[in-house]
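The values are calculated or read from the model by the stated rules, or taken from the named source; none is laboratory data. Note that the structure is predicted; figures quoted are calculated from it, not measured. Positions of Cβ are backbone-derived with ideal geometry, glycine not excepted, and every protein chain shown enters the neighbour counts. Each accessible area value is taken on the protein alone, full model and side chains, heavy atoms only, with ligands, DNA and RNA left out. Shrake-Rupley method; radii C 1.70, N 1.55, O 1.52, S 1.80 Å.
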Amino acid sequence: MKRILLPLVLVLAVSAQAQITNNPKAKVDPKNNKVSNPVVEKPKPKLMTRDELRACIDQQEANSKEAEAIKADQASYKANAEKIKADKAAVEAGEAALGKQVADVKAEKEAILAAHAALTAEAPKLSKEDLKARNDAYTARVDGFNKMFDAVKAADAEQSAKRKAFGDRVDALDAQFKAVEDRQEKYFDANDKWKAECQNKAYDENDEKAIRKEKAAAAAGK
């Protein structure tokens with residue numbers, strides 16, 4: 001039994017039948033001057049060999065598996081992209097918080113410098129007790145500033161680590177996108193190759209049955 005992979009040959013067959021009824025080379029019977037109906041044999045399509053059919057089936061199955069694998073890669077990329085989007089918001093919030101801390105430290109530094117200048121200018125006019133009280137308050141403020149500065153340094157280091165980790169994840173996402181894109185291009189090439197070598201090619205159905213039986217036996221033996 002013979003059949004065609006896709007209906008293109010059927011279209012060609014219909015066209016051939018339409019031409020038969022309108023054959024310009026039909027012979028004329030000299031006795032009755034009527035056009036005879038010559039029998040036009042439809043050329044038999046060249047069949048693929050069993051090896052060629054097997055190669056086409058293998059390629060089609062491989063392409064189908066690859067298409068499913070690419071879908072999984074695309075889903076993974078999409079999930080990672082969504083996570084990156086959420087991570088970006090968290091990193092940006094951390095940057096904003098760190099920026100405020102740095103601004104507060106700078107403002108406190110300026111205030112301490114101003115307090116020091118005022119204390120230095122007013123010291124000669126102050127009593128011993130007032131000078132000690134002002135000096136103790138200034139020292140306590142400087143100690144508070146130092147703790148604030150250390151906290152900002154720690155926050156900056158933590159934010160820097162988060163910033164680097166986020167950058168690494170962005171780079172990994174870009175690499176994942178490139179890998180998926182390259183894989184898609186190879187799949188398209190393989191699919192185009194299958195179309196060129198296999199699509200619309202005629203084959204013997206008995207060959208297909210034999211090949212499917214071989215594959216089922218090989219799969220069962222694994």
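Worth a mention:
- Relative contact order for segment 68-222: 41 percent, from Cα pairs under 8 Å spaced at least 6 residues apart, divided by residue count.
- Positive minus negative residues near Arg141 (Lys, Arg vs Asp, Glu; Cβ under 14 Å): -2
- Per residue, the convex hull spanned by the Cα atoms of segment 72-174 measures out at 75 cubic angstrom.
- q = 0.27, 0.29 Å⁻¹, segment 59-117: log10 I(q)/I(0) [Debye, one scatterer per Cα]: -0.98, -1.02
- Solvent accessible area, Å² - Arg141, 1.4 Å probe, full protein context: 90
- Close amide-amide hydrogen proximity is noted between Asp204 and Met48, each under 5 Å apart and 5 or more residues distant or on a separate chain (H modeled in the peptide plane; Pro and chain starts excluded).
- The phi-based Karplus calculation (6.51 cos²θ - 1.76 cosθ + 1.60; θ = phi - 60°) puts the 3J(HN,Hα) values of segment 179-196 at 5, 5, 4, 5, 5, 5, 4, 5, 5, 4, 4, 5, 5, 5, 5, 5, 4, 5 Hz, whole numbers, x for Gly and Pro.
- Bridgeable lysines around Lys153 (alpha carbons under 19 Å apart, same-chain partners fewer than 8 residues away excluded): Lys100, Lys106, Lys109, Lys162, Lys164.
- Annotation for Lys109 and Ala72: the two label points, set 7 Å from Cα along the Cα-Cβ direction, are 5.4 nm apart.
- Cross-link pairs Lys78/Lys178; Lys44/Lys195; Lys71/Lys186 - those with Cα-Cα distance over 18 Å: Lys44/Lys195
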